[in-house]
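**Q** One structure, as structure tokens, below. Some questions next.
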Amino acid sequence: MNVYDGWRIATMLKHHGFSQTDDVADADIIILNTCAVRAKATDKVFSALGRIRRAKKPDALFGIVGCVAREAGADAFRRIPDLNFVLGPQSYHKLPQILSNPDSRLLDINLGGLEKFDELPQMETSPRVAYIPIQEGCNHVCTYCIVPYTRGPELSRSFESCMADTLHAAKTGAIEICFLGQNVNGYKYTDESGRIYRLSDLIRETAKIPEIMRIRFTSSYPTEMTDDLIKMFATEPKLLPFLNMPIQSGSQSVLTRMNRPYSLELYLDIIRKLKLARPDIQISSDFIVGFPGETDSDFEQTMAIASQIKYINSYSFKYSPRPHTAAALMKDQIPENIKAERLAKLDSYLNEVQRDFNESCIDKTFDCLLEGPDKTGRHLVYRTPYMQQCIVTTDDITTAPALARITITAANKASLRGKFTA
Ligand code: SF4
């Protein structure tokens, strides 16, 4: 979501005569687009702002947008007095106001709904992978999560505006569409005639666009994985066989305290249905370890579910107390050393599974999407349908196809190697 927001901000500023620079000392405006999901990310924002104010030109404007702006509000001006703007994730389209009045301060952390999508200029060219946000906010209120506070209640964009953005992306260079939302599979839009549109409708319509060869979506909430959506994995070959569906914990009692009231049976049943629809599907998850009150036995249940599902491309984090959340006030906060131990154990297991999965791909052939040259500039990086990084060596990187059939020749836990195949 933040990558998408960054693109839209850059496009908006381009319309105001700006171009991008990597040099802070040369910039006329510096914007930190921020994430508040973990405390560490928030702390980093304020230390980065301190560095920026020392490095920037005296008259350069600087400020923060996104979830930390919403979380900090006017207090950000107290912490960094010469800050020029603080704009929440639904207000960053108002950034031009500070350009016309650079001596003022601009604070807007309101939850303004979906108006930014209509006000922001379209990008002239689209990257190969176009992110299309189809909803904002979340109604689930997991007890550890700050998103319902920073992004507000769940709102789905109209089917027409999602498809207009998707078509625009396809006509300007996109090959892959990634639908985005905090609760993306909860997408639900009712038009004036009363017709209800779901994520499955967006996928079906997008699959008809000839330029679009790959479709995916993130992030999914287990109980929103409805049968119409599961069926898409069987009927739409352009939908990638890869799904991020976070379980967060394998312990039923931890899930209850997280206010994620799905049963493990239901979660496993969804995976069973997904595998029936698409036998080659792989699942990724996010995990939180050390949630308040998590016992050794709770944690072992998380290890057990990880072992049962064999998740790939997963993310695990130590529980991080966030303001405005119920879990931050819970008793039985887990000491940092225990969190760290559990995280290391889970990470090590997830890496092992990833390495096994990567090795199982050797000699298989996939349609892969070009990401670009690697750091050395001598090899190409492609993404498999499972989002693995695949390095390909070729004589001429300038003529590499954007979408290529690649046979995997080698693997380690981080990446694959492959060769073009006819
Ligand atoms: S479903 Fe996701 S975004 Fe919504 S409250 Fe839970 S963790 Fe946060």
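Since every read-out is calculated from the coordinates, none of them should be taken as a lab result. Given the structure is predicted, the values throughout are model-derived calculations rather than measurements. Positions of Cβ are backbone-derived with ideal geometry, glycine not excepted, and every protein chain shown enters the neighbour counts.
**Q** Using only the Cα atoms of the stretch 117-244, what are the Rg and Dmax in Å?
**A** So, for the stretch 117-244, Rg and Dmax equal 14.4, 42 Å respectively.
**Q** Okay, moving on. Multiply the residue separation of K188 and A344 by 0.36 nm, subtract the distance between their alpha-carbon atoms, and state the gained length in nm to one decimal. Before the final figure, lay out each step's value.
**A** Details: separation 156, 0.36 × 156 = 56.16 nm, distance 3.85 nm.
Full extension from K188 to A344 adds 52.3 nm.
**Q** Still on this structure, please answer the following. Separation between the K419 and T125 pseudo-spin-labels, each 7 Å from Cα along Cα→Cβ, expressed in nm?
**A** Each label point lies 7 Å from its Cα, and together they span 3.2 nm.
**Q** Step through the table entries K56/K116; K345/K375; K208/K231, compare each Cα-Cα distance with 19 Å, and write down the pairs that go over it.
**A** Numbers: K56/K116 28 Å; K345/K375 31 Å; K208/K231 17 Å.
Checking Cα-Cα distances, K56/K116; K345/K375 exceed 19 Å.
**Q** For F242, list long-range residues whose amide hydrogen, built 1.01 Å from N in the peptide plane, is under 5 Å from its own amide hydrogen.
**A** Sorted by chain and number, the residues that satisfy this are Q282.
**Q** So, one more: Among I406, I177, I397, determine the one that fluctuates most according to a GNM of the chain built with springs between C-alpha atoms less than 10 Å apart.
**A** Checking each option, the largest mean-square fluctuation is seen for I397.
**Q** What is the set of long-range amide H partners of Y221 at a cut-off below 5 Å, with H atoms built 1.01 Å from backbone N?
**A** HN-HN under 5 Å from Y221: V184, N185, G186.
**Q** Also, I was wondering about something else. In straight Cα distance, which aspartates and glutamates are under 19 Å from K238, not counting same-chain residues fewer than 8 positions off?
**A** Leaving aside aspartates and glutamates fewer than 8 places away in the same chain, those within reach of K238 are D165, E176, D201, E205, E211, D227, D228, D280, D367, E371.
**Q** Over the stretch 365-420, what is the relative contact order in whole percent, taking alpha-carbon pairs under 8 Å and six or more residues apart?
**A** Values: 114 pairs, mean separation 19.0, N = 56.
Relative contact order comes out at 34 percent.
**Q** Evaluate E = 1/(1 + (r/R0)^6) for T295 and N351, where r is the Cβ-Cβ distance and R0 equals 22 Å; express this FRET efficiency to the nearest 0.05. Before the final figure, lay out each step's value.
**A** Working: r = 25 Å, r/R0 = 1.11.
For R0 = 22 Å, the calculated efficiency reads 0.35.
**Q** Within a Cβ distance under 12 Å of D332, other residues only, what is the Lys/Arg minus Asp/Glu net charge? If you can, show how the numbers build up before the last one.
**A** Numbers: positive: R257, K331; negative: E294, D298.
Taking every other residue near D332 into account, the sum is 0.
**Q** What aspartates and glutamates sit close enough to K331 to cross-link, taking a C-alpha to C-alpha distance under 13 Å and skipping anything fewer than 8 places away on the same chain?
**A** E294
**Q** Could you give me the ³J(HN,Hα) list for the stretch 26-41, computed from phi with Karplus coefficients 6.51, -1.76, 1.60 and θ = phi - 60°, whole Hz, x at Gly and Pro?
**A** Going residue by residue, I get 9, 6, 8, 9, 10, 10, 9, 8, 10, 10, 10, 5, 10, 4, 4, 5 Hz, with x marking Gly and Pro.
**Q** Right, another one. What does the highest-first list of 66-73, 14-21, 255-262, 303-310 look like by mean Cβ count within 10 Å? If you can, show how the numbers build up before the last one.
**A** Working: 66-73: 24.1, 14-21: 10.8, 255-262: 17.8, 303-310: 15.5.
Peptide ranking by packing, descending: 66-73, 255-262, 303-310, 14-21.
**Q** Starting from the Kirkwood Rh over alpha-carbon pairs, what translational D in µm² s⁻¹ does the chain have by Stokes-Einstein at 20 °C and 1.002 mPa s?
**A** Working: Rh = 23.2 Å.
In µm²/s, the coefficient rounds to 92.
**Q** From the mean inverse distance of alpha carbon pairs (Kirkwood) and the Cα radius of gyration, derive Rg over Rh for the stretch 2-108. Before the final figure, lay out each step's value.
**A** Details: Rg = 12.7 Å, Rh = 13.8 Å.
We get a ratio of 0.92 for the stretch 2-108.
**Q** Specify the inter-centroid distance of the stretch 1-52 and the stretch 253-304, based on alpha-carbon positions, in whole Å.
**A** Taking the Cα centre of the stretch 253-304 as reference, the centre of the stretch 1-52 is 35 Å away.
**Q** Would you work out the Kirkwood radius for the stretch 365-420? I mean one over the mean of 1/r across all pairs of different Cα atoms, in Å.
**A** On the way: mean 1/r = 0.0919 Å⁻¹.
One over the average 1/r among Cα pairs gives 10.9 Å for the stretch 365-420.
**Q** Oh, and also: Please list, ordered by chain and number, the residues whose modelled amide H lies under 5 Å from the amide H of T143; skip anything fewer than 5 residues away on the same chain.
**A** Those lying under 5 Å, H to H, from T143 are N259.
**Q** Using alpha-carbon positions, what is the distance between the centroids of the stretch 305-319 and the stretch 212-232, in Å?
**A** Taking the Cα centre of the stretch 212-232 as reference, the centre of the stretch 305-319 is 19 Å away.
**Q** Additional query: Provide the gained length on full extension for the span R195 to A55, in nm with one decimal, where the gain is 0.36 nm per separating residue minus the Cα-Cα distance.
**A** Values: separation 140, 0.36 × 140 = 50.40 nm, distance 5.38 nm.
So the extension gain works out to 45.0 nm.
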